[in-house]
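Reviewing the structure listed below.
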Amino acid sequence: MVKSKILNTVLRTVLIVVTIFTLHCIKMILTILLILITLIALMALHELGHFLLAKKFGVRVEEFGIGYPPKIFGKQFGETVYSLNLLPFGAFVKITGQEETVDDFRSFSQKSIWQRALILFAGVFSFWVIAVILLAFICGIWGVPTAIEDNFGGNFKEAYVQIVIVAPKSPAESAGIKTGDIINTVRHLICYGC
């Protein structure tokens, strides 16, 4: 009877440990997938900046690919092949005349220096646009923490007092208060000169 209770306890403990380990592994795999998908999306948007400006200036774009070859799937619309590739480490735009001089009026190498510079800059600029859009979206949904004066008479939802800085070797530091802590209640308030 005692051996079966011990065995039952050991089996339960092993089951709990295996379950927790499995959940942590699943969480880690999902985190890695989320990071990979996010990076691929950012690289695709970066390449989209080059793509759009190249099209705007009349440069021939041979291929717009997500991932790196070998090609899994590709579909041609107009003169450009849009492809999904096997190696999920980025994205690319294949522009005619970008790597070698091509004698064609629609070649990257035949465009003026300012057009070539703008096509190259468009990838970086797309990151700025994405950052502004994401920041506006996040601030619009969740808001931005705002410091207010003590005598502010407005109505704020979820207002709280948060520690901004703790002086070294202060009573607050020795009490365990850290930067970022939120004060929920105050017990034994002593106010000198109030």
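The values are calculated or read from the model by the stated rules, or taken from the named source; none is laboratory data. Note that the structure is a prediction, hence the values are computed from the model and not measured. So basically every Cβ, Gly included, is an ideal-geometry build from the backbone, and we count neighbours across all protein chains shown. Calculation scope for accessible area: heavy atoms of the full protein, side chains included, ligands and nucleic acids excluded. Shrake-Rupley method; radii C 1.70, N 1.55, O 1.52, S 1.80 Å.
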Quiz item: Which one of these is among the hydrophobic types (A, V, I, L, M, F, W, C) and under 30 Å from residue 129 (Cβ atoms): 29, 37, 16?
Solution: 37
Quiz item: Restricting the first residue to the stretch 89-111 and requiring it to be in contact (Cβ under 8 Å) with a residue 60 or more places away in the chain, which pairs with a second residue that is buried (at least 16 other Cβ atoms within 10 Å of the Cβ) meet a Cβ separation below 8 Å and a spacing of at least six or different chains?
Solution: none
Exercise. Kindly establish whether residue 23 is in a helix (DSSP H, G or I) and either in contact with an Asp or Glu (Cβ under 8 Å, 6 or more places away or on another chain) or surrounded by 12 or more Cβ atoms within 10 Å (Cβ to Cβ) (or both).
Key: no
Practice problem: Return the total of residues in the stretch 114-129 being open to solvent by less than 70 Å² (accessible area, probe 1.4 Å) and under 21 Å from the mean Cα position of the chain (by Cα). | Solution: 5
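With the requirement that a residue be of a type in the set (Gly, Ala, Ser), open to solvent by 50 Å² or more (accessible area, probe 1.4 Å) and closer than 18 Å to residue 99 by Cβ, what does the stretch 45-80 give you?
none
Conditions (1) open to solvent by 70 Å² or more (accessible area, probe 1.4 Å); (2) in a helix (DSSP H, G or I), marked per residue:
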{"residue": "7", "(1), (2)": "yes, yes"}
{"residue": "15", "(1), (2)": "yes, yes"}
{"residue": "43", "(1), (2)": "no, yes"}
{"residue": "82", "(1), (2)": "yes, no"}
{"residue": "85", "(1), (2)": "no, no"}
{"residue": "88", "(1), (2)": "no, no"}
Exercise. Find the residue count for the stretch 90-101, including only residues that are surrounded by 16 or more Cβ atoms within 10 Å (Cβ to Cβ), over 29 Å from the mean Cα position of the chain (by Cα) and not polar (S, T, N, Q).
Key: 1
